[in-house]
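*Asks:* There's a structure below that I have some questions on.
The values are calculated or read from the model by the stated rules, or taken from the named source; none is laboratory data. All of these numbers come straight from a predicted model, not from anything done at the bench. As a convention, Cβ positions derive from the backbone with ideal geometry for all residues, glycine included, and neighbour counts pool all protein chains shown.
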Amino acid sequence: MTTTNLSLPETGSLRAGPFDLGYRIEGSGTPLLVVGSAVYYPRTFSDRLRQRIKLHFIDHCGFAPAHAAYTLDDIGFDVVLGDIERMRRHLGLDRFAILGHSGHGYMALEYAKRHPQNVSHVIMVGTGPSHSADHMALADSRWGEMATPERKAIFDHAMAAFGADIAARPEERFKSLLIRLGAKSWHLPAFDAAPLWRDVTVNNPVFDHLWREVFRDIDIRDGLHRLAMPVLLALGQCDYLVAPAETWDAYRRNFPDLTVRMFERSGHTPQLEESDLFDETLLAFLAR
């Protein structure tokens, strides 16, 4: 599950408030904007995809170096969505597909609601309907019922070390948590995700606010009537981080055009875990 770059990428940064948002452009073909980290996410997509897709990886403020102190007003959801639009203009993108993985799926979907004239397709990968208490409780129940004893033992061993991670590197708490949650995140429960996170900047207050508050309370049904473009939802069978796939059933009728694809040998990141099948699925979806 590794990738290498086919050619030298185009990289740069954009000043947005107190943050320097990085970007990285790789590949050729259909433009696809990937919201999240311009350092982490290029490591999760295949070289094959880069032969057909021009991938524009962009930071949001959760992954961007800060050149000044910031407050909650600088990291709100509206600010993040505004930064995506600012980056779109900076990169000269007129019409493109947008992809968000995990909580970034909400960013991709909400951006498309606000700027439907710019977006041809929306792809949400490893995203639950919300991070509400009810949805997270269902994720926990599924873990308790479906995870093997081996997977649970690996999880317990990893989480026992999380306290030491925080003590040693408190500024990387969010990153350390995601690495330690590997047994809930990957089809292979002992997979070490640490190399994927190497040199990735993480601003804990941004994730605390967005993941624990905004995405807890979000109702993705708001504004879905404005979507004319198709939406692809890619889920992993072994993803225990988000609500179970069946929780999406209550939302399907609100989407004008929704395709749901389950990846049987993936956890939270099917674009890396089943890259061949993911690429095939994505390319077919974008060709619609």
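*Asks:* Residues that are more than 30 Å from Asn118 (Cα to Cα) and within 15 Å of the chain's Cα centre (by Cα), at least 1 per element: which helices (runs of 4 or more DSSP H) completely within the stretch 147-245 meet that?
*Replies:* 173-180, 182-185
*Asks:* All but one of (1) surrounded by fewer than 23 Cβ atoms within 10 Å (Cβ to Cβ); (2) at positive phi; (3) of a type outside the set (Asp, Glu) hold for Gly126; state the number of the condition that does not hold.
*Replies:* (1)
*Asks:* Tell me, which residue of the stretch 68-80 that is touching a residue at least 12 places away in the same chain (Cβ under 8 Å) and not in a loop (DSSP other than H, G, I, E, B) is surrounded by the fewest Cβ atoms within 10 Å (Cβ to Cβ)? Break it down into steps so the answer makes sense when it comes.
*Replies:* The initial filter retains those residues of the stretch 68-80 that are touching a residue at least 12 places away in the same chain (Cβ under 8 Å), namely 68-70, 72, 74-77, 79-80.
Subset that is not in a loop (DSSP other than H, G, I, E, B): 72, 74, 77, 79-80.
Details: Leu72: 11, Asp74: 17, Phe77: 16, Val79: 18, Val80: 22.
Filtering the stretch 68-80 for residues that are touching a residue at least 12 places away in the same chain (Cβ under 8 Å) and not in a loop (DSSP other than H, G, I, E, B), the one surrounded by the fewest Cβ atoms within 10 Å (Cβ to Cβ) comes out as Leu72.
*Asks:* Given the options Ser102, Ser132, name the one that is surrounded by fewer than 24 Cβ atoms within 10 Å (Cβ to Cβ) and in contact with a Ser or Thr (Cβ under 8 Å, 6 or more places away or on another chain).
*Replies:* Ser102
*Asks:* Could you look through the stretch 237-255, keep only residues that are among the polar types (S, T, N, Q) and in contact (Cβ under 8 Å) with a residue 40 or more places away in the chain, and pick out the one that is nearest to Asp219 (Cα to Cα)?
*Replies:* Looking at the filtered set, the residue picked out is Thr247.
*Asks:* Let me ask another. Out of all the residues in the stretch 232-241, is one or more more than 29 Å from Phe19 (Cα to Cα) and out of contact with any Lys or Arg (no Cβ under 9 Å at 6 or more places or on another chain)?
*Replies:* no
*Asks:* Quick check on Ala234: is it without any contact (Cβ under 8 Å) to a residue 24 or more places away in the chain, surrounded by 16 or more Cβ atoms within 10 Å (Cβ to Cβ) and not aromatic (Phe, Trp, Tyr)?
*Replies:* For Ala234, the condition - without any contact (Cβ under 8 Å) to a residue 24 or more places away in the chain, surrounded by 16 or more Cβ atoms within 10 Å (Cβ to Cβ) and not aromatic (Phe, Trp, Tyr) - is not met.
*Asks:* Output yes when any residue across the stretch 83-98 is over 22 Å from Leu210 (Cα atoms) and either of a type in the set (Lys, Arg) or at pLDDT below 95 (or both), and no when none is.
*Replies:* yes
*Asks:* Now for a different question. For the stretch 262-288, which positions are of a type outside the set (A, V, I, L, M, F, W, C), over 17 Å from Trp186 (Cα atoms) and touching a residue at least 24 places away in the same chain (Cβ under 8 Å)?
*Replies:* Answer for the stretch 262-288, where residues must be of a type outside the set (A, V, I, L, M, F, W, C), over 17 Å from Trp186 (Cα atoms) and touching a residue at least 24 places away in the same chain (Cβ under 8 Å): Asp279, Thr281, Arg288.
*Asks:* Of the residues Ala97, Ala108, Ala112, only one is closer than 16 Å to Ile25 by Cβ and either surrounded by fewer than 20 Cβ atoms within 10 Å (Cβ to Cβ) or under 16 Å from the mean Cα position of the chain (by Cα) (or both); which?
*Replies:* Ala97
*Asks:* Let me ask another. Give the residue, chosen from Ile179, Ile123, Ile166, that is without any contact (Cβ under 8 Å) to a residue 12 or more places away in the chain and among the β-branched types (Val, Ile, Thr).
*Replies:* Within the list Ile179, Ile123, Ile166, the selection yields Ile166.
*Asks:* OK, next. Regarding the stretch 44-67, can at least one residue be identified that is under 20 Å from Leu196 (Cβ atoms), in contact with a strand residue (DSSP E or B) (Cβ under 8 Å, 6 or more places away or on another chain), part of a strand (DSSP E or B) and among the hydroxyl-bearing types (Ser, Thr, Tyr)?
*Replies:* There is no residue in the stretch 44-67 that is under 20 Å from Leu196 (Cβ atoms), in contact with a strand residue (DSSP E or B) (Cβ under 8 Å, 6 or more places away or on another chain), part of a strand (DSSP E or B) and among the hydroxyl-bearing types (Ser, Thr, Tyr).
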